[in-house]
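Input: a single structure, listed below in structure tokens.
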Amino acid sequence: MNGNIGVYVCECGPNIGEKIDIDKVLEAIASLPHVKVAKRFGLLCSNDGKKYLEDEMRKEELTHVVIAACSPRDHEQTFMTVAERAGLNPYLVQLVNIREQCAWMIPDKEAATEKAIKYIRAGISRVSLHQALTKKELEVCTDVLVIGGGISGIETALSLAGEDRKVFIVEKSEELGGKANKLSRLLPHQGSTLSLIQEKIDTLNKNAHIEVFTGSQVVDARGFLGNFEVVIQKGENAGEQEIKVGAVVVATGFDLFNPEENPAYGLGKVDNVVTSLQLEEMIKTEKVLLKNGKPPRSLALIHCVGRSEKGYCSKTCCLNILKNAHFLKDKIKDVDVTEIYRDLCLPNKADQDYYEEVEKKGVKFLRSNEIVNIKAEGGQISVEYKIDGKSKKISVDMAVLSPAMIPSADSKKIAEMLNLPLDPTGFIKEAHGMLEPIATPIEGVFAAGCSLGPKNIPESIIQAQATAGNIISSLIPGKKIKPEVKVSVVREEFCTGCQTCLSVCFYGAISFDPHKGVSVVNEAICRGCGSCVGSCPSGAIRSKHFTYTQLYREVLEALR
Amino acid sequence: MKQHNVMVVGAGVAGMKASLLLAQAGVKVHLIERESLIGGQTIKFEEVYPNMECATCMVAPIQQDVLQNEDIEVSLLSTLKKVEEKSDSYEVEIEKKARYVSLENCIGCNACFDPCPVELDNTFEENLSKKKAISVPCPGALPNVPTIDPANCLRLNGKKKDCKACQEACMFDAVDFSQKDEKVKIDVGAIIVTTGFDMFDVKPLDEYGYGKYPNVYTAMEFERLYAQNGPTEGKLVLRDDKPIKSIGIIHCIGRKELGYCSGVCCMYSAKIAQFLKHKAPDAKIHEFYRDLCIPGKSYQNFYESTRKKGVNFIRFNEIHVGKSNGNIEITCSEENGQDQKIKADMVILSPALIPGKDTETLAKILGVGLDTHGFFATQNQQLSPVITEKKGIFIAGCAEGPKDIPDSIAQAEAAVGKVLLHLQ
């Protein structure tokens, strides 16, 4: 290399100053090749310290800087900013942690000093191999594609569309509203679901910045945050349309577990065994009737249908069943309503009050561990269930099954198209289950509502609004985005085209160029995690800020 | 977009995530926090379900981002005193208590603790350990700068006016007794309230033996006992040092009294059982629950893995913690009417989540309503879960009702979306 390296050791007051012999450190490194200056300072992160460093970088005409101080977590950014202000590329600065890793770890001053010298030497040899990296700026498209026109999709569009942001909704069925269309009402106190949805659809139709494609499907979508190219297949024979958007929201909702999968439930075989959606339909038309046209005198509402099969709780069914029980008690005189449940899952603050209200109406609650079978018996339906190892039975006129929520039929296809991972339940996997509940690993692709897992309407609305919050803050009209610069690059001459890297990339940043037979990293998507570098059998992929040579030389010096 | 400032009240996960997202949108944020540190309740947990991630490690990068973000001005030890509604903004008066330690000068070396002559209960550690009158709540607190408690510092409370033990120990000129509490007025275009929750107080309830028997703990006490940065550095030691052979974890503490399910206790109780299996592998663990509420796509798996580890789940109707032959004995009646008696060396109570203690005062100051349980009311819980009756004031996280971390964050992000539209 040609250049001047400056090494600055921070005393961090007594933290390093008293635990490490800094003069000895300076003496050991001052004569190393290319080290122009090696100096100590009281507290480099203080305002005086930062000023001092900036002046030094200019005065000594440094090309590379090593700072031996604290953890990069504390002050790497601080010193990179100082370098930038001094006109030095911030990636030519290396922070060496001699506080946490030397001074605080090793009580023996001499040993701590020895270790610090090795670490600083390692930092010097590494920094001399650093490349100046420059942030690129990319223009963004602020428009958004929403896949799915249910309540989540509608709410997302309503929360986003405006003067400087157009939203496209692509819905595969002929009308908007999704599954909520099939529900009779929200909770009894909250009015009809249909009018809620209609109100939202009316607002949506009045919004000139929302374009709706019903009976349509997204057949291709590729790109990255700010720049996606999407192909929409419109209707049966209406052809394709290409659009450009900056973000994609997957709001493809859910399907219901089919109780016919388990013959014990009797659906399709036993008369008057229906699903909760069929009951909702009867409630909507106010015709809750048996096959013989008479109103039922007794009903069993059966919870958790499909829970064991699917392995998770759908969390909305308990409340929804309570709602239906409430309705039945109100509308059918002297009707006997029994809920057969496992555990009541009422995790929202208003749920328990509602449960108590339903209980007061005379709805009975029977706990069961398992439904054994549902069959016709003596003109009625017998529901046999197990509790604490014992079998019990009740007879009713009508049995209503409440099936679990499962991923929608299309979710797999859409996930594949967008390169999104699914979790073991088949729902879309969050970027981080705790901290990023509506983001996916693909930057610019979000998910909302039941595409991520079972949810009630308010939770779906919150998630829709949350995707809007994220998109409005990341795609700002006129503002460019700056992707990560410490990315991976493929050296085409070494790439054998084995595509191992494609399978390990969490962010979907790598694609395969079939003409050249090599992998290609999209630098706008790559986050520089290095998984591909580690996995590449021929060493063809290189991380720009963690090259093999940099790491090798660094380790070599540390061990020497 | 008009560039108004936004105030976020409460620096837990919801408040921090909201602030970062607002800053990303180019909005200037005033993040107000009552305590001396940011991070809220999450940083008290060693690990969080269902992936058993280290919570402090998970949140630390967010805390750092908040503290380093130039568009977020964090006011610690601060509370809202007055909010005046103007035509399209709010004028907020903040009371900022003195820290007596300079955030700029202090490097967090902790040299000031030892010389301080005053020892106090550490409330952050659920009083399981002592701290000095100059202290940080726990190792790793961010910002890593101590606070002097003026009520107990001998110099500041006037008992020994010339004490300067901490000041002399500080090599960075960071201790500053001349700091004063101050009132600051800030104009903001919108306010997001993310003041979180408290835990239901188990002390007044006689039947659980809390306070009567030393080895009855609350879940939060247990969290600190288990934490690597807690009072025992993660060592599971009982208050009376006895060995642990049998443990009872009791769910739903306060549910009946409060009239709602908190939605998170079953899962955090199962998490505690998994912790215990790890730290006390030979102990028998009994979970006493009413209804299992495990509403998440991966939660049932977590529950089943807890069961597979040998944790005994018992459904109860009534429960009582008493003593027999000098040992703690849990008596519970099951749903089928049968009684069970189980001896336990340690009992952990899993209390409900309740509104934060300042909720009522804050609601009055803001002019927004509360729901029947004392949480902040939103305009329509079903359809506008973040909007209050006051234009420009939004609620997110547990301030609105009990919820887990991802739901709190989703609500915070939803509030940000609403704020950004509101400011347009």
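The values are calculated or read from the model by the stated rules, or taken from the named source; none is laboratory data. This one's a predicted model, so the numbers in the text were calculated from it and none came from an experiment. Glycine gets a Cβ as well: all are built from the backbone with ideal geometry, and neighbour counts include every protein chain shown.
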**Request:** Examine the stretch A:58-67 for a residue that is assigned to a helix (DSSP H, G or I) and either within 22 Å of A:L32 (Cα to Cα) or more than 14 Å from chain B (Cβ to nearest Cβ) (or both), and state whether such a residue exists.
**Result:** yes
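Looking only at residues that are in a helix (DSSP H, G or I) and more than 14 Å from chain B (Cβ to nearest Cβ) in the stretch A:202-229, which one is surrounded by the most Cβ atoms within 10 Å (Cβ to Cβ)? Write out each step before concluding.
As a first pass, look at the stretch A:202-229 and keep what is in a helix (DSSP H, G or I): A:202-206.
Next, from what is left, pick out any that are more than 14 Å from chain B (Cβ to nearest Cβ): A:202, A:204-206.
Details: A:D202: 10, A:L204: 20, A:N205: 11, A:K206: 8.
Top of the filtered list is A:L204.
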**the stretch A:540-556, residues that are assigned to a helix (DSSP H, G or I) and either without any contact (Cβ under 8 Å) to a residue 40 or more places away in the chain or under 21 Å from A:C501 (Cα atoms) (or both)** = A:Y548, A:T549, A:L551, A:Y552
**Request:** Could you please tell me which pairs satisfy a Cβ distance under 6 Å, a separation of 6+ or placement on different chains, a first residue in the stretch A:427-441 that is within 7 Å of chain B (Cβ to nearest Cβ), and a second residue that is among the basic types (K, R)?
**Result:** A:F427/B:K297
**Complete:** Exactly one of B:V74, B:V66, B:V92, B:V101 is more than 19 Å from B:S36 (Cα to Cα) and under 26 Å from the mean Cα position of the chain (by Cα), and that one is B:V92
**Fill in**
Over the stretch A:261-299, the set of residues within 42 Å of the chain's Cα centre (by Cα), loosely packed, with under 15 Cβ neighbours inside 10 Å and either outside any helix (DSSP H, G or I) or of a type in the set (K, R) (or both) is A:G268, A:K269, A:T285, A:E286
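Any idea which residue in the stretch B:127-146 is nearest to the other protein chains (Cβ to nearest Cβ), counting only those that are under 25 Å from B:D201 (Cβ atoms) and part of a strand (DSSP E or B)?
Quick first cut of the stretch B:127-146, residues under 25 Å from B:D201 (Cβ atoms) only: B:127-131, B:135, B:137-138, B:141.
If we keep only those that are part of a strand (DSSP E or B) too, we end up with B:130-131, B:135.
Working: B:K130: 24, B:K131: 21, B:S135: 19 Å.
Taking the candidates together, the pick is B:S135.
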**Request:** Would you please name the residue that is nearest to the other protein chains (Cβ to nearest Cβ), looking only at residues in the stretch A:460-503 that are charged (D, E, K, R) and over 24 Å from B:A18 (Cα atoms)?
**Result:** A:K486
**Request:** Could you check how many residues of the stretch A:1-31 are in contact with a helix residue (DSSP H, G or I) (Cβ under 9 Å, 6 or more places away or on another chain), in a loop (DSSP other than H, G, I, E, B) and on the phi < 0 side of the Ramachandran plot?
**Result:** 5
**Message:** Cβ-Cβ under 8 Å, sequence separation 6+ or interchain: first residue in the stretch B:5-18 and within 11 Å of another protein chain (Cβ to nearest Cβ) and under 19 Å from B:G189 (Cβ atoms), partner crowded, with 24+ Cβ neighbours inside 10 Å and among the charged types (D, E, K, R). Which pairs?
**Reply:** B:A18/B:E413
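Do we have any residue at all in the stretch A:27-37 that's crowded, with 22+ Cβ neighbours inside 10 Å, of a type outside the set (S, T, N, Q) and either closer than 30 Å to A:T549 by Cβ or in contact with a Phe, Trp or Tyr (Cβ under 9 Å, 6 or more places away or on another chain) (or both)? Spell out the reasoning first.
Looking only at the stretch A:27-37, we keep the residues that are crowded, with 22+ Cβ neighbours inside 10 Å, and these are none.
Among the residues of the stretch A:27-37, not one is crowded, with 22+ Cβ neighbours inside 10 Å, of a type outside the set (S, T, N, Q) and either closer than 30 Å to A:T549 by Cβ or in contact with a Phe, Trp or Tyr (Cβ under 9 Å, 6 or more places away or on another chain) (or both), which makes the answer no.
Which one of B:Q411, B:Q340, B:Q379 is in contact with a Cys (Cβ under 6 Å, 6 or more places away or on another chain) and either farther than 22 Å from B:I253 by Cα or outside the structural domain of B:A190 (by TED's automatic domain parsing) (or both)?
Working: B:Q411 fails: in contact with a Cys (Cβ under 6 Å, 6 or more places away or on another chain); B:Q379 fails: in contact with a Cys (Cβ under 6 Å, 6 or more places away or on another chain).
Result: B:Q340 is the single residue among B:Q411, B:Q340, B:Q379 that is in contact with a Cys (Cβ under 6 Å, 6 or more places away or on another chain) and either farther than 22 Å from B:I253 by Cα or outside the structural domain of B:A190 (by TED's automatic domain parsing) (or both).
Among A:G191, A:G235, A:G177, which is touching a residue at least 12 places away in the same chain (Cβ under 8 Å), surrounded by fewer than 21 Cβ atoms within 10 Å (Cβ to Cβ) and outside the structural domain of A:D353 (by TED's automatic domain parsing)? Spell out the reasoning first.
Values: A:G191 fails: touching a residue at least 12 places away in the same chain (Cβ under 8 Å); A:G177 fails: surrounded by fewer than 21 Cβ atoms within 10 Å (Cβ to Cβ).
Step by step, each of A:G191, A:G235, A:G177 is checked, and only A:G235 is touching a residue at least 12 places away in the same chain (Cβ under 8 Å), surrounded by fewer than 21 Cβ atoms within 10 Å (Cβ to Cβ) and outside the structural domain of A:D353 (by TED's automatic domain parsing).
Can you tell me which residues in the stretch A:167-178 are at negative phi and over 23 Å from the mean Cα position of the chain (by Cα)? Don't jump to the end; show me each part of the working.
Going residue by residue through the stretch A:167-178, those that are at negative phi are A:167-176.
Passing the criteria: A:K172, A:S173, A:E174, A:E175, A:L176.
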**Request:** Could you check B:D201 against (1) part of a loop (DSSP other than H, G, I, E, B); (2) away from chain A (no Cβ under 14 Å); (3) touching a helix residue (DSSP H, G or I) at 6+ places or on another chain (Cβ under 8 Å) and say which number it fails?
**Result:** (3)
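Of B:I365, B:I387, which residue is surrounded by fewer than 24 Cβ atoms within 10 Å (Cβ to Cβ), touching a Lys or Arg at 6+ places or on another chain (Cβ under 7 Å), farther than 26 Å from B:L292 by Cα and within 14 Å of another protein chain (Cβ to nearest Cβ)? Steps first, answer last, please.
Details: B:I365 fails: within 14 Å of another protein chain (Cβ to nearest Cβ).
Testing whether each residue is surrounded by fewer than 24 Cβ atoms within 10 Å (Cβ to Cβ), touching a Lys or Arg at 6+ places or on another chain (Cβ under 7 Å), farther than 26 Å from B:L292 by Cα and within 14 Å of another protein chain (Cβ to nearest Cβ) leaves just B:I387.
Looking for something part of a helix (DSSP H, G or I), crowded, with 17+ Cβ neighbours inside 10 Å and not small (G, A, S) - is there at least one such residue anywhere in the stretch B:32-42? Let's see the steps before the verdict.
Just the residues of the stretch B:32-42 that are part of a helix (DSSP H, G or I), to begin with: B:42.
The next check asks that each one be crowded, with 17+ Cβ neighbours inside 10 Å; those that pass are B:42.
If we keep only those that are not small (G, A, S) as well, we get B:42.
Yes: one or more hits.
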**Asked** Do you know which residues across the stretch B:301-332 are surrounded by fewer than 15 Cβ atoms within 10 Å (Cβ to Cβ) and among the acidic types (D, E)?
**Response** B:E304, B:E318
**Prompt:** For the stretch A:464-501, what are the residues that are under 30 Å from A:V518 (Cα atoms), among the hydroxyl-bearing types (S, T, Y) and surrounded by 14 or more Cβ atoms within 10 Å (Cβ to Cβ)?
**Reply:** A:S488, A:T500
**Message:** What pairs come out if I take residues in the stretch B:99-126 that are in contact (Cβ under 8 Å) with a residue 60 or more places away in the chain and within 14 Å of another protein chain (Cβ to nearest Cβ) and pair them with residues that are surrounded by fewer than 16 Cβ atoms within 10 Å (Cβ to Cβ) and assigned to a loop (DSSP other than H, G, I, E, B) whose C-beta lies under 6 Å away, six or more apart or interchain?
**Reply:** B:N105/B:D173
**Complete:** Given (1) over 20 Å from B:G254 (Cβ atoms); (2) surrounded by 12 or more Cβ atoms within 10 Å (Cβ to Cβ), B:D358 misses just (1)
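From the list A:G478, A:G508, pick out the single residue that is more than 28 Å from A:L92 (Cβ to Cβ), touching a helix residue (DSSP H, G or I) at 6+ places or on another chain (Cβ under 9 Å), assigned to a loop (DSSP other than H, G, I, E, B) and of a type in the set (G, A, S). I'd like the intermediate steps shown before the answer.
Values: A:G478 fails: touching a helix residue (DSSP H, G or I) at 6+ places or on another chain (Cβ under 9 Å).
Going through A:G478, A:G508 in turn, the sole match is A:G508.
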**Prompt:** Given the conditions (1) touching a strand residue (DSSP E or B) at 6+ places or on another chain (Cβ under 6 Å); (2) more than 14 Å from chain B (Cβ to nearest Cβ); (3) within 30 Å of B:A396 (Cβ to Cβ), which single one is not true for A:F506?
**Reply:** (1)
**Asked** Take the residues of the stretch B:258-300 that are at the interface with chain A (Cβ under 10 Å from one of its Cβ atoms) and hydroxyl-bearing (S, T, Y): which is surrounded by the most Cβ atoms within 10 Å (Cβ to Cβ)?
**Response** B:S262
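Those residues that are modelled with pLDDT under 80, within 23 Å of A:S451 (Cβ to Cβ) and aliphatic (A, V, I, L, M), I need them from the stretch A:166-204; list them, please.
Here is the first cut: in the stretch A:166-204, the residues modelled with pLDDT under 80 are A:184-194.
Subset that is within 23 Å of A:S451 (Cβ to Cβ): A:186, A:193-194.
A:L186, A:L194 - these are the residues of the stretch A:166-204 that are modelled with pLDDT under 80, within 23 Å of A:S451 (Cβ to Cβ) and aliphatic (A, V, I, L, M).
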**Unique residue being within 14 Å of another protein chain (Cβ to nearest Cβ) and modelled with pLDDT of 90 or more when the list is A:E27, A:E11** = A:E11
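Please pick out the residue among A:D343, A:D330 that is within 13 Å of chain B (Cβ to nearest Cβ) and among the acidic types (D, E).
Details: A:D330 fails: within 13 Å of chain B (Cβ to nearest Cβ).
On inspection, the qualifying residue turns out to be A:D343.
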